[in-house]
Amino acid sequence: MRIGFVGLGAMGSRMAGRLLSAQHELVVYNRTRARAEPLARQGATIAESPRELAAQSDVIFSSLANDAALEAVMLGADGILSSAKSGATIVEMSTVNPETSRRLHESAARKGVFVLDAPVSGSTVQAEQGQLVIFVGGEEDVYERCRPLLAVLGAKTFYLGASGSGATMKLCVNTMLGVGVQALAESIALGEKAGLQRERFLQVLSETAVVSPSQKAKIENARKKEYPPAFALSLMFKDFGLIMDTAKALSVPMPSTAAAVQVAAAENARQTAAHSDEDFSVVVRAMERAAGIA
Ligand SMILES: NC(=O)c1ccc[n+]([C@@H]2O[C@H](COP(=O)([O-])OP(=O)(O)OC[C@H]3O[C@@H](n4cnc5c(N)ncnc54)[C@H](OP(=O)(O)O)[C@@H]3O)[C@@H](O)[C@H]2O)c1
């Protein structure tokens, strides 16, 4: 079985690396070719286009920035579906709109190609260590066939149901992630402005049961006042957009999320202007500044 991997960014390069380490024959494609070269040095073959990759692959993984990238790579003139073999499977791991996942699933089905939406929870460290949590939508028998490959990438894989279910689950999880860190940011600003000793305050906060593991990891950033991008604010802002689009389409009110989106929007604008790329937990600094601290 030949495996293809499209999209060798922060996440994709690490997942592709794991498949190579597990002795799978791998063909890779990335829009910016230089990002594929480290994998070629480890034994992967570089394809010149998604079309060339799909013609050689039985199972095709993808990890792409957003919906537009997914549409270009999958449905474009030189895209995966232009040459994918009948009976091939696409395991699509990007965080995208569930509607886009379903559209890809339908277009592929017309060509006899199976699609699983399989977005991931966890970041680059988990991707490197095969410790991601993977949410899968699509046909259950296709999922069962792909389980051994998914086990190379994830510590836990959950089957959620029909196409789009994995993508929906991911958006629900990232609602908790984004709003959770916004709550953390507000709590830190309040504690500091009220005069709690910062170091002690953050230490005690991280010992409490109300702090989730993802918030706990971000307290460390707050402590150091450094926000290196494990999950970039630009990606969280993109995910907030997907969450709010989905909520709007379903008439689901999400007032706390809407407030968190406004803070992320301001930070995203600031980062874009400054050409910086910081972690989404940088909203801690944003709320400190809004409160007149630091
Ligand atoms: N980073 C995380 O912690 C994390 C965690 C969970 C889920 N995710 C999700 O995983 C996905 C990948 O994230 P990442 O952090 O790996 O992002 P990334 O480092 O920015 O990589 C994005 C990939 O998409 C490709 N791409 C972007 N626009 C394209 C286009 N128009 N045509 C073709 N290729 C295009 C990029 O190619 P180039 O190299 O040519 O730009 C690159 O391979 C995203 O959907 C993200 O939301 C990320």
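The values are calculated or read from the model by the stated rules, or taken from the named source; none is laboratory data. Quick caveat: nothing in here was measured; it's all calculated off a predicted structure. Here the Cβ is made from the backbone with ideal geometry for all residues, glycine too, and neighbour counts use every protein chain on show.
Would you point out which residue out of 205, 250, 233 is without any contact (Cβ under 8 Å) to a residue 60 or more places away in the chain and in contact with a Gly (Cβ under 9 Å, 6 or more places away or on another chain)?
Working: 250 fails: in contact with a Gly (Cβ under 9 Å, 6 or more places away or on another chain); 233 fails: in contact with a Gly (Cβ under 9 Å, 6 or more places away or on another chain).
The conditions single out 205.
One line per residue, one yes/no per condition, for (1) within 18 Å of residue 100 (Cα to Cα); (2) in contact (Cβ under 8 Å) with a residue 12 or more places away in the chain:
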site: 118; (1), (2): yes, yes
site: 132; (1), (2): no, yes
site: 141; (1), (2): no, no
site: 153; (1), (2): no, yes
Taking the options 152, 173, name whichever one is surrounded by 13 or more Cβ atoms within 10 Å (Cβ to Cβ), more than 16 Å from the ligand (Cβ to nearest atom) and either in the same structural domain as residue 243 (by TED's automatic domain parsing) or β-branched (Val, Ile, Thr) (or both). 152
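When you look at residue 218, is it of a type in the set (D, E, K, R) and buried (at least 16 other Cβ atoms within 10 Å of the Cβ), yes or no?
Numbers: of a type in the set (D, E, K, R): yes; buried (at least 16 other Cβ atoms within 10 Å of the Cβ): yes.
When the stated conditions are applied, residue 218 passes them.
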When segment 119-153 is checked residue by residue, the ones that are closer than 29 Å to residue 215 by Cβ and of a type outside the set (A, V, I, L, M, F, W, C) are 119, 121, 122, 123, 124, 126, 128, 129, 130, 131, 137
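Taking the stated definitions as given, is residue 201 farther than 30 Å from residue 273 by Cα, out of contact with any Pro (no Cβ under 7 Å at 6 or more places or on another chain) and surrounded by 16 or more Cβ atoms within 10 Å (Cβ to Cβ)? Break it down stepwise before answering.
On the way: farther than 30 Å from residue 273 by Cα: yes; out of contact with any Pro (no Cβ under 7 Å at 6 or more places or on another chain): yes; surrounded by 16 or more Cβ atoms within 10 Å (Cβ to Cβ): yes.
The answer is yes for residue 201.
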Go through segment 205-235 residue by residue and tally those that are over 20 Å from residue 190 (Cβ atoms), in a loop (DSSP other than H, G, I, E, B) and at pLDDT 95 or above. 1
Is segment 2-14 home to any residue that is of a type in the set (Gly, Ala, Ser), assigned by TED's automatic domain parsing to the domain that holds residue 147, over 24 Å from residue 98 (Cα atoms) and not in a strand (DSSP E or B)? no
Residue set 212, 206; condition surrounded by 14 or more Cβ atoms within 10 Å (Cβ to Cβ), more than 23 Å from the chain's Cα centre (by Cα) and within 14 Å of residue 180 (Cα to Cα); output residue 206
Can you list residue pairs whose Cβ atoms sit under 6 Å apart, with the first residue in segment 63-81 being in contact (Cβ under 8 Å) with a residue 12 or more places away in the chain and the second being near the ligand (Cβ under 8 Å from one of its atoms) and of a type in the set (S, T, N, Q)? Count only pairs 6 or more apart in sequence or on different chains. 63/94; 64/94; 70/94
Return yes or no: is residue 283 in contact (Cβ under 8 Å) with a residue 24 or more places away in the chain and either within 30 Å of residue 200 (Cα to Cα) or not assigned by TED's automatic domain parsing to the domain that holds residue 96 (or both)? yes
Quick check on segment 37-60. Is at least one of its residues more than 8 Å from the ligand (Cβ to nearest atom), in a strand (DSSP E or B) and under 18 Å from the mean Cα position of the chain (by Cα)? yes
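Could you check, for segment 105-118, whether at least one of its residues is of a type in the set (Gly, Ala, Ser), closer than 25 Å to residue 280 by Cα, buried (at least 16 other Cβ atoms within 10 Å of the Cβ) and within 14 Å of the ligand (Cβ to nearest atom)?
Taking segment 105-118 first, the residues of a type in the set (Gly, Ala, Ser) are 107-109, 112, 118.
Among the residues that remain, those that are also closer than 25 Å to residue 280 by Cα are: 118.
Now drop any that are not buried (at least 16 other Cβ atoms within 10 Å of the Cβ), which leaves 118.
From what is left, the residues that are within 14 Å of the ligand (Cβ to nearest atom) are 118.
So far as segment 105-118 goes, yes, one or more of its residues are of a type in the set (Gly, Ala, Ser), closer than 25 Å to residue 280 by Cα, buried (at least 16 other Cβ atoms within 10 Å of the Cβ) and within 14 Å of the ligand (Cβ to nearest atom).
Considering 77, 69, 34, 65, which residue is surrounded by fewer than 22 Cβ atoms within 10 Å (Cβ to Cβ), more than 9 Å from the ligand (Cβ to nearest atom) and aliphatic (A, V, I, L, M)? Let's see the steps before the verdict.
Values: 69 fails: more than 9 Å from the ligand (Cβ to nearest atom); 34 fails: more than 9 Å from the ligand (Cβ to nearest atom); 65 fails: more than 9 Å from the ligand (Cβ to nearest atom).
So the residue among 77, 69, 34, 65 that is surrounded by fewer than 22 Cβ atoms within 10 Å (Cβ to Cβ), more than 9 Å from the ligand (Cβ to nearest atom) and aliphatic (A, V, I, L, M) is 77.
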